[in-house]
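The structure appears right after this line, and notes come after that.
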Amino acid sequence: MRRNPFLTMALAITAGFLLSVPAAFADTVSLTLATSGICSPYVCGTTGSTVSVTATVAAPSTNAADVYLNSDDFTVDSPLSFDDSPFYNFPLYLTPGQSYTDVLFNITIPESAIPGYYSGYFDILGGPDGGTLDLLAAVPFTVDVTPEPSSFLLFGSGIVGILTAVKRRMMIAK
């Protein structure tokens with residue numbers, strides 16, 4: 001029985017291709033922060049408040065195995081402070097196709113914070129086992145700090161008082 005040389009070559013190329021493809025590791029997740037409403041795409045907060053930031057972590061269904069969420073890393077501009085303890089409520093690992101949504105971290109905005117934009121980032125570290133600390137997902141974020149509503153009320157009533165005094169003075173001068 002004679003073999004077809006084209007078939008033999010096609011099989012050899014296919015086998016070589018399959019052997020050259022690296023093994024799929026369970027080392028990918030996606031991380032999405034939930035921002036909505038008037039603040040989107042920022043995290044919004046007022047001076048003197050604590051903001052809880054909700055996020056979804058998802059393992060693609062294309063992962064070959066479970067992916068472990070072993071640790072985190074974060075930063076946020078001063079004077080804001082960061083609490084990552086809610087991250088430890090997340091599952092220890094995600095199976096392929098699984099996702100989880102909950103509060104990921106808290107940011108405390110002190111009374112002394114100047115209204116404006118503050119930046120930060122949050123990273124999830126882990127991998128295909130319980131001891132790996134590869135970067136799995138990173139998400140930058142911006143915190144939009146606004147004055148406390150009572151500050152707006154105080155400022156507005158001051159403006160009204162000044163305008164009233166100016167109007168009264170103008171009427172007396174006539």
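Here are the criteria: (1) within 20 Å of PRO41 (Cβ to Cβ); (2) modelled with pLDDT under 95. Tell me which single one GLY127 does not satisfy.
Among (1) within 20 Å of PRO41 (Cβ to Cβ); (2) modelled with pLDDT under 95, the lone unmet condition for GLY127 is (1).
Is there a residue in the stretch 26-34 that is at pLDDT below 95, assigned to a loop (DSSP other than H, G, I, E, B) and among the small types (Gly, Ala, Ser)?
yes
Using beta carbons and a limit of 6 Å, which pairs, at least six apart or on different chains, have the first residue in the stretch 140-168 and under 30 Å from ASP73 (Cβ atoms) and the second one surrounded by 10 or more Cβ atoms within 10 Å (Cβ to Cβ) and at pLDDT below 75?
none
Answer yes or no as to whether ALA65 is over 12 Å from the mean Cα position of the chain (by Cα), surrounded by fewer than 16 Cβ atoms within 10 Å (Cβ to Cβ) and more than 12 Å from VAL29 (Cβ to Cβ).
For ALA65, the condition - over 12 Å from the mean Cα position of the chain (by Cα), surrounded by fewer than 16 Cβ atoms within 10 Å (Cβ to Cβ) and more than 12 Å from VAL29 (Cβ to Cβ) - is met.
Every residue in the stretch 47-68 that is part of a strand (DSSP E or B) and either within 19 Å of THR32 (Cβ to Cβ) or in contact with a Gly (Cβ under 6 Å, 6 or more places away or on another chain) (or both), please.
Those that are part of a strand (DSSP E or B) and either within 19 Å of THR32 (Cβ to Cβ) or in contact with a Gly (Cβ under 6 Å, 6 or more places away or on another chain) (or both): VAL51, SER52, VAL53, THR54, ALA55, THR56, VAL57, ALA58, VAL67, TYR68.
Any chance the stretch 5-18 includes a residue that's buried (at least 17 other Cβ atoms within 10 Å of the Cβ) and modelled with pLDDT under 95?
Filtering the stretch 5-18 for residues buried (at least 17 other Cβ atoms within 10 Å of the Cβ) gives none.
Taking every residue of the stretch 5-18 in turn, none turns out to be buried (at least 17 other Cβ atoms within 10 Å of the Cβ) and modelled with pLDDT under 95.
Among the numbered conditions (1) part of a strand (DSSP E or B); (2) in contact with a Gly (Cβ under 7 Å, 6 or more places away or on another chain); (3) within 15 Å of THR50 (Cβ to Cβ), tell me where PHE141 comes up short.
(3)
Could you tell me which of the residues PHE152, PHE87 is of a type in the set (Phe, Trp, Tyr), crowded, with 16+ Cβ neighbours inside 10 Å and either modelled with pLDDT under 95 or not in a strand (DSSP E or B) (or both)?
Just one listed residue meets the conditions, PHE87.
Just checking, how many residues over the stretch 97-121 are in a strand (DSSP E or B), in contact (Cβ under 8 Å) with a residue 40 or more places away in the chain and of a type in the set (Gly, Ala, Ser)?
As a first pass, look at the stretch 97-121 and keep what is in a strand (DSSP E or B): 99-108, 116-121.
Filter again for in contact (Cβ under 8 Å) with a residue 40 or more places away in the chain, leaving 99-108, 117-121.
Checking the rest, the ones that are also of a type in the set (Gly, Ala, Ser) come to 99, 119-120.
Residues flagged as in a strand (DSSP E or B), in contact (Cβ under 8 Å) with a residue 40 or more places away in the chain and of a type in the set (Gly, Ala, Ser) within the stretch 97-121 amount to 3.
Among SER71, SER49, which is the only one that is more than 13 Å from ASP144 (Cβ to Cβ), among the hydroxyl-bearing types (Ser, Thr, Tyr) and either surrounded by 14 or more Cβ atoms within 10 Å (Cβ to Cβ) or at pLDDT 95 or above (or both)?
SER71
When you check ALA113 against the structure, is it buried (at least 18 other Cβ atoms within 10 Å of the Cβ), within 18 Å of VAL53 (Cβ to Cβ) and over 16 Å from the mean Cα position of the chain (by Cα), yes or no?
Taking the combined requirement at face value, the residue satisfies it.
Looking at (1) within 13 Å of the chain's Cα centre (by Cα); (2) within 24 Å of TYR117 (Cβ to Cβ); (3) not basic (Lys, Arg), which one does VAL57 not meet, given that it meets all the others?
(2)
Mind checking which pairs have a first residue in the stretch 122-134 that is under 14 Å from ASP66 (Cβ atoms) and a second that is at pLDDT below 90 and among the hydrophobic types (A, V, I, L, M, F, W, C), Cβ under 8 Å, 6 or more apart or different chains?
Here the result reads GLY127/PHE25; GLY127/ALA26; PRO128/PHE25; PRO128/ALA26, each pair linking the stretch 122-134 to a residue that is at pLDDT below 90 and among the hydrophobic types (A, V, I, L, M, F, W, C).
The values are calculated or read from the model by the stated rules, or taken from the named source; none is laboratory data. Predicted model, so just to flag it, every value in this text is computed and none were measured. So basically every Cβ, Gly included, is an ideal-geometry build from the backbone, and we count neighbours across all protein chains shown.
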